[in-house]
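Participant: This structure is in structure tokens; I'll ask about it shortly.
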Amino acid sequence: MIFNRLGIFGVDPADEKAIFAGMLLGDPILLIGPHGSAKTELGKTVAIALQEYSKEKSPINESVAAKIESTGILPDNWFKFATYDCSKMQFEEIIGFPNPSTFQDGYVSYVASPVTVWGKEMVILDEFNRQSSTQQNSLFELIRSRTIYGQPTGTKMIFGAMNPFGMEGTEVLDEALVDRMCMFIYTKGFEKLDDEVKESII
């Protein structure tokens, strides 16, 4: 199993296959589980592995490394991802500031930064069901078509992570938004894992 090699333990083999199927097909994946079941960490670990692989394929020199250090902006041929906490983020954080230089050409674009969604091949949406209905509407287009205001974001893979419905602090999700999620993967809390898996995690 690939997940074990990445240090991810306790995922059912069928669920692992479903996650990779969603990634290959570009279908959104929603991880559902209790606090501390490493839902977000799973998405981040997969994203970091893909990023490290892209770094190996496209090594850089010292001057590029210095530029990355000062700006935080990665080379175009490196895999990029972003993690957003839906419970407290503002939509402006995702899209960034409008670019005034494009106004005279009759369209609006946004200035990309290390934290904006533009050019991020994977997006991880943490606390997915702790966002307001307004926020849900804002994210709908990104999840449905990988665009924002009709502009392609470059996003290919989407991971959502949330607690089970009904837990304190969770919000009711719009049915249309839920319908856009393709793979629903339920994660187990640590106490429900087999002893062998617990030992591997420890």
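Participant: At q = 0.09, 0.19, 0.24 Å⁻¹, what base-10 log of I(q)/I(0) does the Debye formula yield for the range 27-141 when every alpha carbon is treated as an equal point scatterer in vacuo?
Facilitator: The Cα Debye sum returns log10 ratios of -0.31, -1.15, -1.38.
Participant: At 4 °C and a viscosity of 1.567 mPa s, what translational diffusion coefficient does Stokes-Einstein give for the range 123-202, taking Rh as the Kirkwood radius over Cα pairs? Give it in µm²/s as a whole number.
Facilitator: Using the Kirkwood radius from Cα pairs, D works out to 89 µm²/s.
Participant: Given the options Gly119, Gly166, Gly36, which has the most mean-square fluctuation in a GNM of the chain, springs set between C-alpha atoms less than 10 angstrom apart?
Facilitator: The residue with the greatest mean-square fluctuation here is Gly166.
Participant: When the accessible area of the range 11-103 is computed with all protein chains present and a 1.4 Å probe, what percentage of it is carbon and sulfur?
Facilitator: 58
Participant: Still on this structure: Find the accessible area per residue for the range 73-202; the probe is 1.4 Å, ligands and nucleic acids are left out, and the unit is Å².
Facilitator: Per residue, the range 73-202 has an accessible area of 56 Å².
Participant: Only bridges whose two residues both fall in the chain count here: according to DSSP, what percent of them are antiparallel, nearest 5?
Facilitator: Looking only at bridges with both residues in the chain, the antiparallel portion is about 15 percent.
Participant: Also: Using 1/(1 + (r/R0)^6) with R0 = 45 angstrom and r between the beta carbons of Phe184 and Asp76, what's the FRET efficiency to the nearest 0.05?
Facilitator: 0.85
Participant: Calculate the spin-label point distance for Ile60 paired with Val111, positioning each point 7 Å from the Cα along the beta-carbon direction, and give it in nanometres.
Facilitator: Those two pseudo-labels are separated by 2.1 nm.
Participant: Using a probe of 1.4 angstrom, how much of the accessible area of the range 105-144 is carbon and sulfur, in percent?
Facilitator: 51
Participant: Sticking with this structure for a sec: In nanometres, what is the gap between the two model label sites at Lys88 and Ala21, each 7 Å from Cα along Cα-to-Cβ?
Facilitator: Those two pseudo-labels are separated by 3.7 nm.
Participant: Any idea what the dipole of the chain comes to, in debye rounded to 20, about its Cα centre with Lys/Arg Cβ at +1 and Asp/Glu Cβ at -1?
Facilitator: Roughly 420 debye for the chain.
Participant: Shifting gears a bit: So what's the Cα pair-distance distribution over the range 42-110, bin width 5 Å, in %?
Facilitator: So the P(r) values, bin by bin, are 3, 13, 14, 17, 18, 17, 12, 5, 1.
Participant: Order of 146-155, 190-199 by packing, highest average Cβ count within 10 Å first?
Facilitator: Ranking, from highest mean packing down: 146-155, 190-199.
Participant: Which residue, Ala176, Leu125, Val108, has the largest displacement toward the positive end of the dipole of the chain when charges sit on each Cβ (Lys, Arg +1; Asp, Glu -1)?
Facilitator: Val108
Participant: List the lysines whose Cα sits under 22 Å from the Cα of Lys188, skipping any in the same chain fewer than 8 residues away.
Facilitator: Here the lysines satisfying the reach criterion relative to Lys188 are Lys17, Lys39, Lys44, Lys198.
Participant: Can I ask one more? Counting Lys and Arg as +1 and Asp and Glu as -1, each charge on the Cβ, what is the dipole of the range 1-115 about the Cα centre in debye, to the nearest 20?
Facilitator: Using Cβ point charges on Lys, Arg, Asp and Glu, the range 1-115 gives about 160 debye.
Participant: Same structure, new question: Given the C-alpha atoms of the range 127-174, compute the convex hull and give its volume per residue in Å³.
Facilitator: Hull volume over Cα atoms, normalised by residue count, gives 69 Å³.
Participant: Here is a further query. Consider the candidate values (i) 35; (ii) 52; (iii) 29; state which one is percent of Cα pairs over 29 Å apart computed from the structure displayed.
Facilitator: It is the value labelled (iii).
Participant: Oh, and also: Would you calculate a helix-derived [θ] at 222 nm for the chain, using -39,500 (n - 2.57) for each DSSP H run of n ≥ 4 and dividing by the full residue count, to the nearest 500?
Facilitator: Helix-only estimate at 222 nm: -11000 deg cm²/dmol.
Participant: Could I have the simple spin-label model distance between Thr147 and Asp195, label points 7 Å from Cα toward Cβ, reported in nm to one decimal?
Facilitator: Result: 5.6 nm between the two label points.
The values are calculated or read from the model by the stated rules, or taken from the named source; none is laboratory data. Quick caveat: nothing in here was measured; it's all calculated off a predicted structure. As a convention, Cβ positions derive from the backbone with ideal geometry for all residues, glycine included, and neighbour counts pool all protein chains shown. Please note that ligands, DNA and RNA were not included when accessible areas were found on the heavy atoms of the full protein model with its side chains. Shrake-Rupley method; radii C 1.70, N 1.55, O 1.52, S 1.80 Å.
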